Amino acid sequence: MALATKYSPNEVESKWYQYWLEHKLFASKPDGREPYTVVIPPPNVTGVLHMGHVLNETIQDILVRHARMEGKNACWVPGTDHASIATEAKVIKRLKEQGINKSDLTREEFLKHAWAWTEEHGGIILKQLRQLGCSCDWDRTAFTMDEERSKAVISVFCDLYRKGLIYRGLRMVNWDPERQTALSDEEVIYHDEHSKFYYMKYMVAEEPGKYAVVATTRPETIMGDVAVCINPKEEKNQWLKGKHLIVPIVGRVVPVIEDRYVEIGFGTGCLKVTPAHDANDYMLGQKYNLTTYDIFTPDAHIDLSGIEPEQQANCRKYQGMDRFDCRKQIAEDLIEAGLMDHVEDYDNKVGYSERTNVPIEPRLSLQWFIRMQHFADIALPPVMQDDIVFYPAKYKNTYRNWLENIKDWCISRQLWWGHRIPAYYDADLLKETGLENYPNDKIIVSETAPEGNYVQDEGALDTWFSSWLWPISLFNGIAEPNNEEINYYYPTADLVTGPDIIFFWVARMIMAGYEYQGKMPFKHVYFTGIVRDKLGRKMSKSLGNSPDPLDLIARYGADGVRMGILLSAPAGNDILYDDALCEQGRNFNNKIWNAFRLVKGWQVADTEQTEAAELAVAWFDAKLKEANVELSDLFSKYRLSEALMVVYKLFWDEFSGWYLEMVKPAYVNGEAQPIDRTTYEATLRFFDVLLKMLHPFIPFITEELWQALEERKPGESIMRENLKLDAPTEGEQAVLKNVEDIKLIVSGVRTVRAQKNIAPKECLTLQVVGANLNGTYRAAAMKMANLEDIVEVKEKDSNAQTFLVGTREYGIPMAGLIDAEAEIKKAEAEIERLEGFKAGIGKKLQNERFVQNAPAQVVEMERKKFADAESKIQALKESIAALKK
RNA sequence: GGGCAAUUAGCGCAGCUGGUUCAGAGCAUCUGCCUUACAAGCAGAGGGUCGGGGGUUCGAAUCCCUCAUUGCCCACCA
């Protein structure tokens, strides 16, 4: 078989993915086996694959493939999220490019465009996952807005409404003026900002000429001012008690009110109260029964229509201005009018909309909410008690903190792309009362539209209101409780996701899980880190530091990329991505490829097994078992990069570096000798096991080679194989240990070669002082170190270069190559080091408290160390004596 | 402002309940090698007083206190 010396993954990968699909090898149906279920964190339907997905999906695929090979019925359910606000924004943008405004369209027309967009761009990301090798059961592909999922959403909304857990109310919400919709608290991101603190003069109505200074970061809201609040305890503002102030420019006369909410010593102690545009001010407004003047349009431009006519006249010039333009203008005008005391630089935090990245406007608005206390109560204990286990555990704190301070969840959005709220209003009554005053008890919430003249609520639901049902709705557990699938696959096993959506998604799935299934939605949550570039910066489009995963796959192969992303990704740590890691992955694939070429290139004959090969086979058998124990342990702790490192070293160092070299047939007269059948078959067996161990990490190359290892039937695949190994026996553990010693001896010889510039080809003789190696160990050492003989000597040869393994001394006769002087110096230095070491231990051993208090085992260890050091010193002294002869 | 985590070799990390698997592996670096599987390779080597300081202990990278730096989460100081 002529195989290239370089592995080229590209055709191989698409070939095997096709094969897996054709034979439906990812498919799962309920059966008698133990289920292992994973639901994908649904990516945005119109999204494209980025490095974060690569990390996340690779980990899931490793877990799924591993479970499958453990004999579990693995089911990985893929799907996408309709991503209400993000998708709607994209559609609006495209329409705009076509010269169409959303406001010119009816809801139905807009939705047509949105669906068209979804069909056009939807599912691209799922195709990309195939290139990564993800073993999802594609027949189960779901969408948060497909029929089954939508039914679940509507039914849950109605159910929670009936339980009194959903209500409609006028509240101060986070308003996105760009998209003109309410957002939940979680969708607001706070940024530090350098802004200004404006100190404005409010004249005292009762005492002309005197004024109070009121500081604000938002002078544009003065048109909504209805009071100035002071702390009743603040000395310097006592004189303002009971007075009235005139809002500058606006001319409105407002009372000074007193409330302990105002912090003494902050600013001037005078807080302007604008109930319509600040959550705290709203609270004050409620408490003191103040008027609320909303002075903004939904897109945050000034709208004076709500305020008194004469004040409107005073502010006419601001009508219709953008809020930030207005801020500048008012500041200028105040300065001009002499009503600005002064302006300071000020650092504060400003909330931005997660999706549109515009500053949030607190806005009083009629929205739908979920009462969260109930859900916090059912979702907190299981995580704290580790019924659901978080990896890493530190996120338990984060989780608890959020649940203990939970606020009601605003679930309505003023969007069209999403699940429409199933609330209906009597058309005639609505006309009479308007939406705000429409009586709550006349709202009909129902799965189906009521008969008669009703209009449906215009709002749609927060995307996360559908995602939180994902582990249930994927198995149709809402519409059809206790169906076979939900009973079999639920609860799912592992959830793999980023910590950034712990509140958005993880916490809420736990809530829905207990509410609707009475059980956890998943047993383990694996939080990945954030993928950063090698300088530690977040990957972002604007920085241009985010590589295209497909491009990486083209360069390194999917297997190489999977390894690259995993190699330095311990759970919960950020990973610093570097192309070099993919290169390392690619190199490893190449290593496997070449090992395979070697083995498959051997001629096989029914000859006798060499002693070295006999040992190698026994040893590697044990080695595999040992590694498997370690692997299982690491998998159980989700320490996947470490697991990969274990197999990596097992294949590269132990198998390729030691095993294959030990069994490799010799060349005689330039002719490759055949290998004996026993060793050959063992080697194939080992290769088979190694491929299985590697398969979850690098599925493509392992399938390729496994298929080539021997004749396979159509539909057979490594991914459906089981991997079961016993732990090494005591005898095998002894072999493992002895071979480690042989390796040290071989390394010792190689070091001498390197130091003395002796070619690897040159045969050497090894002397062992006071002992000799036996049988297969001797044969293996001879082969690996290229020795012609290993002999026992009573005393070290003065002409030999020596080294120690443990306490035993080895020598290689050098015939004049020894620099006695240098050797003596080296030995003396070593003796000095050992003397120091020995002295330290000696002191310890003479310390009675140590001998009394330390466990006997530890004391025994120290004694052995002491004795070993002594015998090493003795050996070195003998060496020196011999050299001096 | 509150909380959580981290700090160990040039880099990114592992070191569980204190004592031989305690100072580790990987990559990078350096020195030899195109040795008939692989130069995307082979052999060998160097490199850290475990962030600083204090304490507990016979014994501390590991436990406690403190300081420093970094990162993350939460919070209504206008």
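The values are calculated or read from the model by the stated rules, or taken from the named source; none is laboratory data. Predicted model only: the values in this text are computed from it and were never measured. For neighbour counting, all protein chains shown are included, and Cβ atoms are generated from backbone atoms with ideal geometry for every residue, glycine included.
Exactly one condition in (1) closer than 26 Å to A:Thr58 by Cβ; (2) at pLDDT 95 or above; (3) in contact with a helix residue (DSSP H, G or I) (Cβ under 9 Å, 6 or more places away or on another chain) is not met by A:Asp139; state its number.
(3)
Condition first: under 19 Å from A:Arg65 (Cα atoms) and of a type outside the set (A, V, I, L, M, F, W, C). Now tell me which residues in region A:544-569 satisfy that.
Once the filter is applied, which keeps residues that are under 19 Å from A:Arg65 (Cα atoms) and of a type outside the set (A, V, I, L, M, F, W, C), region A:544-569 yields A:Gly557, A:Asp559, A:Gly560, A:Arg562, A:Gly564.
Quick check, is A:Ile62 at pLDDT 95 or above and either in contact with a Pro (Cβ under 9 Å, 6 or more places away or on another chain) or buried (at least 22 other Cβ atoms within 10 Å of the Cβ) (or both)?
Yes.
Filter region A:24-34 for residues that are touching a residue at least 40 places away in the same chain (Cβ under 8 Å), surrounded by fewer than 20 Cβ atoms within 10 Å (Cβ to Cβ) and in contact with a Lys or Arg (Cβ under 9 Å, 6 or more places away or on another chain) and give the result.
If the condition is that a residue be touching a residue at least 40 places away in the same chain (Cβ under 8 Å), surrounded by fewer than 20 Cβ atoms within 10 Å (Cβ to Cβ) and in contact with a Lys or Arg (Cβ under 9 Å, 6 or more places away or on another chain), then A:Leu25, A:Ala27, A:Arg33 are the ones that fit.
Which is modelled with pLDDT of 90 or more, near RNA strand B (Cβ under 10 Å from one of its atoms), over 30 Å from A:Asn476 (Cα atoms) and not aromatic (Phe, Trp, Tyr), of A:Gly564, A:Gly560, A:Gly536?
Values: A:Gly564 fails: near RNA strand B (Cβ under 10 Å from one of its atoms); A:Gly536 fails: modelled with pLDDT of 90 or more.
Of A:Gly564, A:Gly560, A:Gly536, the one residue that is modelled with pLDDT of 90 or more, near RNA strand B (Cβ under 10 Å from one of its atoms), over 30 Å from A:Asn476 (Cα atoms) and not aromatic (Phe, Trp, Tyr) is A:Gly560.
Do we have A:Met69 as buried (at least 20 other Cβ atoms within 10 Å of the Cβ) and modelled with pLDDT under 95 here?
Taking the combined requirement at face value, the residue does not satisfy it.
Name the residues in region A:241-270 that are within 15 Å of RNA strand B (Cβ to nearest atom), in a strand (DSSP E or B) and β-branched (Val, Ile, Thr), would you?
Hits for region A:241-270 are A:Val254, A:Val256, A:Ile257.
Looking at A:Leu334, A:Leu284, which is the one that is within 48 Å of the chain's Cα centre (by Cα), part of a helix (DSSP H, G or I) and aliphatic (A, V, I, L, M)?
A:Leu284
Condition test on A:Gln733, is it within 16 Å of RNA strand B (Cβ to nearest atom), out of contact with any helix residue (DSSP H, G or I) (no Cβ under 8 Å at 6 or more places or on another chain) and part of a helix (DSSP H, G or I)?
No.
Residues of region A:352-375 being under 25 Å from the mean Cα position of the chain (by Cα) and either within 11 Å of RNA strand B (Cβ to nearest atom) or at pLDDT 95 or above (or both), which ones?
If the condition is that a residue be under 25 Å from the mean Cα position of the chain (by Cα) and either within 11 Å of RNA strand B (Cβ to nearest atom) or at pLDDT 95 or above (or both), then A:Glu354 is the only one that fits.
Sort out which residues of region A:95-109 are surrounded by 15 or more Cβ atoms within 10 Å (Cβ to Cβ) and of a type outside the set (A, V, I, L, M), and write them in order of number.
Passing the criteria: only A:Lys102.
Residues being over 22 Å from A:His53 (Cβ atoms), not polar (S, T, N, Q) and not in a strand (DSSP E or B): count how many of those fall in region A:508-531.
Qualifying residue count for the region: 10.
Residues that are modelled with pLDDT under 80 and either away from RNA strand B (no atom under 15 Å from the Cβ) or in contact with a Phe, Trp or Tyr (Cβ under 8 Å, 6 or more places away or on another chain) (or both): which helices (runs of 4 or more DSSP H) entirely in region A:817-884 hold 3 or more of them? Step through it out loud before you land on a result.
Working: elements: A:820-846, A:848-853, A:856-884.
Per the criteria, A:820-846, A:856-884.
Having 1 or more residues that are touching a residue at least 40 places away in the same chain (Cβ under 8 Å), within 16 Å of RNA strand B (Cβ to nearest atom) and of a type in the set (S, T, N, Q) is the bar; report the strands (runs of 3 or more DSSP E) wholly within region A:743-806 that clear it.
Correct list: A:800-805.
Could we say that A:Ala727 is among the small types (Gly, Ala, Ser) and either more than 37 Å from the chain's Cα centre (by Cα) or part of a strand (DSSP E or B) (or both) here?
So A:Ala727 fails the test.
Condition first: under 59 Å from the mean Cα position of the chain (by Cα) and without any contact (Cβ under 8 Å) to a residue 60 or more places away in the chain. Now tell me which residues in region A:809-820 satisfy that.
Scanning region A:809-820 gives A:Gly811, A:Pro813, A:Met814, A:Asp819.
Residues of region A:539-556 being within 15 Å of RNA strand B (Cβ to nearest atom), surrounded by fewer than 18 Cβ atoms within 10 Å (Cβ to Cβ) and either touching a residue at least 40 places away in the same chain (Cβ under 8 Å) or part of a loop (DSSP other than H, G, I, E, B) (or both), which ones?
Those that are within 15 Å of RNA strand B (Cβ to nearest atom), surrounded by fewer than 18 Cβ atoms within 10 Å (Cβ to Cβ) and either touching a residue at least 40 places away in the same chain (Cβ under 8 Å) or part of a loop (DSSP other than H, G, I, E, B) (or both): A:Met539, A:Ser540, A:Leu543, A:Ala554.
Just to be sure before I move on: is A:Tyr810 at pLDDT 90 or above and not in a strand (DSSP E or B) in the structure I sent?
Against the criterion (at pLDDT 90 or above and not in a strand (DSSP E or B)), A:Tyr810 does not qualify.
In contact with a Ser or Thr (Cβ under 8 Å, 6 or more places away or on another chain), among the acidic types (Asp, Glu) and crowded, with 17+ Cβ neighbours inside 10 Å: which single residue out of A:Glu788, A:Glu823, A:Glu862 fits that description?
A:Glu823
What's the number of the condition A:Ala580 fails, among (1) part of a helix (DSSP H, G or I); (2) over 20 Å from A:Leu694 (Cβ atoms); (3) over 36 Å from the mean Cα position of the chain (by Cα)?
That leaves (3) as the condition not met.
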